Amino acid sequence: MYIQRLNHSGSRMGALTVRHDHAPQNHNIWHYHEELEFIYIKKGNGTFFVGDCIQTFSDNFMVLIGPNTPHYWLFDEEYVREDAPERADIHVVHFNVDFCGVDFLDLPESRLIKKVYKKAERAISLDIQHSFLPRFFENLLQKSPLSRLSSLLETLCAITELPSLLTLVSEEYTNPQQQQDYGRMNKIFEHIRLHYRGKIQLEEIAQLAGMTSNSFCRYFKQKSGKTLIQFVNEFRIGQACKMLSDTQYSIKEVCFDCGFRNFVSFHKIFKSIMATTPSNYRDSANKSVADHF
């Protein structure tokens, strides 16, 4: 699978495109595009990759992704099988930075929106407890083109007034700028996704990237902001979090199923990434579910 540059402007009839999906077929590719992506996953579980961030997601996940920022939605199996028992509920809007006109961002009044766009290059995670955010997506498809524009502008203005904006991609991340980089990084990403339960061999991935081991280590650190070991560990811990939340497997079973070969090492790595222990994470997840009902 190779990263794809998607063009949302060619088929649209206005300054933005709006979709409401019930299957993740439009999201489960590693891709980038010139438009910003504003997405609300009302129902759906999986792992979100953006830049150098690996983030598990579940119902009511919302993010604003800047232009040309690579991202990939890896939905859990129950949402992607042909006989999928679950239906996703995905609302997505794509729009260009100049959707209000080419001179819009040069206006003094647009200064704060320009700052939001800059932060969105590192993907802004938004809290749907701010009720205006999910409300923005409601009935958007039924609105007139002019109402969609005004609604988007109003929502962006409201986002500028939030007390803080959480970004997911690290400051150290360097966005790959060459098509060769996208293809190469995607091969690496796909190999890890398919083989994380087993031993990830540096030499094998370096060969896949067409590099020596030393050259690959420097390259991967430069492009991802992480060492290969850090990246693989974060991916494995993300899978462990899902298993701790969604299954009754013992913590040791989770450890070995996610590719760790040493329980003490798993416990230490989990705590360093999640700032809590696996058992406390499971307890918190179970309490959250209980409180919900």
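Here are some notes:
- Each of S265 and E253 was given a label point 7 Å from its Cα along the Cα-to-Cβ line. The distance between the two points is 2.3 nm.
- Extension gain, Q207 to L153, is 14.7 nm, computed as 0.36 nm per intervening residue step minus the present C-alpha separation.
- Accessible area of segment 16-167 belonging to carbon and sulfur atoms, whole % at 1.4 Å probe: 48
- Centre-to-centre, using Cα atoms only, segment 84-149 and segment 257-286 are separated by 35 Å.
- Loop-located GluC sites (Glu not before Pro) in segment 148-233, at most 16 other Cβ atoms within 10 Å (DSSP): E161, E171, E172
- Per residue, the accessible area of the chain comes to 52 Å² when a 1.4 Å probe rolls over the protein heavy atoms.
- Restricting segment 209-293 to trypsin sites (Lys or Arg not before Pro) in coil, as DSSP defines it, with at most 11 other Cβ within 10 Å: R261
- Cβ-based net charge around L208, under 12 Å, with every Lys or Arg adding one and every Asp or Glu removing one: -1
- Net lengthening on full extension, K115/T277 (0.36 nm per residue, minus Cα-Cα): 54.7 nm
- The reciprocal of the average 1/r between distinct C-alpha atoms defines the Kirkwood hydrodynamic radius, which for segment 181-291 equals 15.0 Å.
- Cα gyration tensor category, rounded, prolate or oblate, for segment 100-144 with a/c compared to 1.5: oblate
- Using a cutoff of 8 angstrom between alpha carbon atoms and counting only pairs six or more residues apart, the relative contact order for segment 53-195 works out to 31 percent.
- Within the chain, helix-based [θ] at 222 nm, where runs of 4 or more DSSP H residues each add -39,500 (n - 2.57), nearest 500: -13000 deg cm²/dmol
- Packing-based order for 101-114, 70-83, using average beta carbon neighbours within 10 Å, highest first: 70-83, 101-114
- Dipole moment magnitude, nearest 20 debye, segment 181-291 about Cα centre, only Lys, Arg, Asp, Glu C-beta charged: 280
- Structural descriptor for the chain: relative contact order 17 percent, calculated from alpha carbon pairs under 8 angstrom and at least 6 residues apart.
- Net charge, N175 excluded, C-beta distance under 11 Å - Lys, Arg +1, Asp, Glu -1: -1
- Between 0 and 90°, nearest 10: helix 278-292 axis offset from the chain longest Cα axis: 40
- Between 0 and 90°, nearest 10: helix 228-246 axis offset from the chain longest Cα axis: 80
- For segment 16-167, projected area of the alpha-carbon convex hull averaged over all directions, nm²: 8.8
- Cα long-axis angle, helix 263-274 against the chain (0 to 90 degrees, to the nearest 10): 20
The values are calculated or read from the model by the stated rules, or taken from the named source; none is laboratory data. Computed from a predicted structure; not experimentally measured. Cβ coordinates were reconstructed from backbone atoms using ideal geometry, including for glycine residues, and neighbour counts include every protein chain displayed. Side chains are part of the model used for accessible areas, which takes the heavy atoms of the whole protein and leaves out ligands, DNA and RNA. Shrake-Rupley method; radii C 1.70, N 1.55, O 1.52, S 1.80 Å.
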